[in-house]
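Okay, structure first, notes after.
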Amino acid sequence: MATKAEVNNAVIIPTINDYTFVKKLGSGSQGVVNLYERKQDNKLFAIKQFSFDASQPFTTMQNCAMKEADLLTLPPEHKNIVRCFGSWLQNNS
């Protein structure tokens with residue numbers, strides 16, 4: 001799932017190039033979390049990056065990443081639960 005913006009009826013899906021790296025927040029067995037600033041409005045976002053080979057068949061790790069993103073976008077919102085504003089699959093990121 002990706003957060004989409006529409007400009008002149010064209011759907012724009014974000015990529016990591018739409019953000020500026022600020023600093024590393026942490027890492028674990030599933031990937032690394034970095035702080036990024038969105039270029040369009042200077043808002044800060046924590047972005048979790050999974051590392052896997054997208055050219056390979058769908059893997060367990062890819063499946064877990066997709067499920068995590070889907071679960072974090074579901075309501076209800078709660079102050080103690082991390083919120084996911086969008087996700088995307090991108091090669092070479």
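Taking a probe of 1.4 angstrom, what is the accessible area of residue 32 in Å², to the nearest 10?
Here the residue's solvent-accessible area equals roughly 40 Å².
Leaving out ligands, DNA and RNA but keeping every protein chain, what accessible area does residue 43 have, in Å² rounded to the nearest 10, with a 1.4 Å probe?
The value for residue 43 is about 110 Å².
How much of residue 68 can a 1.4 Å solvent probe reach, expressed as accessible area in Å² and rounded to 10?
60
What part of the accessible area of region 19-78, given as a whole %, is carbon or sulfur when the probe is 1.4 angstrom?
C and S fraction of accessible area: 55 percent.
Would you please give the FRET efficiency between residue 64 and residue 15, computed as 1/(1 + (r/R0)^6) with r the Cβ-Cβ distance and R0 = 22 Å, to the nearest 0.05?
Efficiency for this residue pair is about 0.50.
The values are calculated or read from the model by the stated rules, or taken from the named source; none is laboratory data. Only a predicted model underlies this, so the values are computations on that prediction, with no experimental measurement involved. A quick note on method: Cβ atoms are made from the backbone with ideal geometry, for glycine too, and the neighbour counts reach across all protein chains shown. Ligands, DNA and RNA are excluded from the accessible area calculation, which covers all protein heavy atoms including side chains. Shrake-Rupley method; radii C 1.70, N 1.55, O 1.52, S 1.80 Å.
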